Amino acid sequence: MNQTRGKFLAALFAAAVTLFAALLLCACPLKVSVECDKNENIFVNFSSDLGEAFVESLAQIQQISPENGENSSNLNEISKKIEGELNANFFKNAKVNFTGNKLNASAQSSLSKKFPKEFARVQKSSDGKKKFILTISPQSLAASILQEDSAAKTLADILMAPVISGEEMSLEEYKDLLKEIYGERLANELLSGDLTVEFIAGGKKQVQRVSVSDLLLSANGKVFTFEY
């Protein structure tokens, strides 16, 4: 158990995660705002109020040495690592910062590295209407941010959520699993609160909300659709 927890902390130290991998590992409330401009450029803002147990885990992370033997002196270094991973994948101009018990992140979609359509896409109809469709499922995550041999995939595998593995599991079964690995406090934080997804286009805002426990337990995934 301690070895698994140490693996979790070491992987999190690397912070090679995207906004959505971070989303799955933070306490609630969670808020993701997606803005689409007239040229269909995507801007993403993410924020989360971190729970006490999660913040304590971050404090422990700072004591873990990465593979090159260097120590992390503060959360600024972790933030820079997250920014680097974001910019290396599907985003540009990424900014990440921890302030007290709050995590804030922002990024712009990279025109040269489009998200796989399984994960996020704009669908146009014959009458000129458009839909922005975001799918969080085992298939879409594997095709986008949780590719093999990535640190984000390592984090996801350690979290072992049904929405990542595709395996059916009841809330009590999953809660017991998290408690065994991370302890009751952190397990409760990981399953608490809601995820709010905002979509903004043409000056109009649409909002959809789902509980984090429902999201993590969705072996078949969740689809967020916004028409504009």
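The values are calculated or read from the model by the stated rules, or taken from the named source; none is laboratory data. Small disclaimer: the values here were computed from a predicted structure and weren't measured. Note that we place each Cβ from the backbone using ideal geometry, even for glycine, and neighbour counts take in every protein chain shown. When the accessible area is computed, the model is the full protein with side chains, heavy atoms only, and any ligands, DNA or RNA have been set aside. Shrake-Rupley method; radii C 1.70, N 1.55, O 1.52, S 1.80 Å.
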Can you tell me which residue is farthest from Pro138 (Cα to Cα) among those in the stretch 211-228 that are open to solvent by 20 Å² or more (accessible area, probe 1.4 Å) and out of contact with any helix residue (DSSP H, G or I) (no Cβ under 8 Å at 6 or more places or on another chain)?
Tyr228
Quick one: count up the residues across the stretch 98-117 that are under 18 Å from Glu77 (Cα atoms) and out of contact with any Leu (no Cβ under 8 Å at 6 or more places or on another chain).
4
Output the residues belonging to the stretch 29-49 that are touching a Ser or Thr at 6+ places or on another chain (Cβ under 9 Å) and closer than 16 Å to Leu86 by Cβ.
Val32, Ser33, Asn41, Ile42, Phe43, Val44, Asn45, Phe46, Ser47
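Ser192: at pLDDT below 85, under 16 Å from Val223 (Cβ atoms) and either touching a Pro at 6+ places or on another chain (Cβ under 8 Å) or surrounded by fewer than 16 Cβ atoms within 10 Å (Cβ to Cβ) (or both), yes or no?
So Ser192 fails the test.
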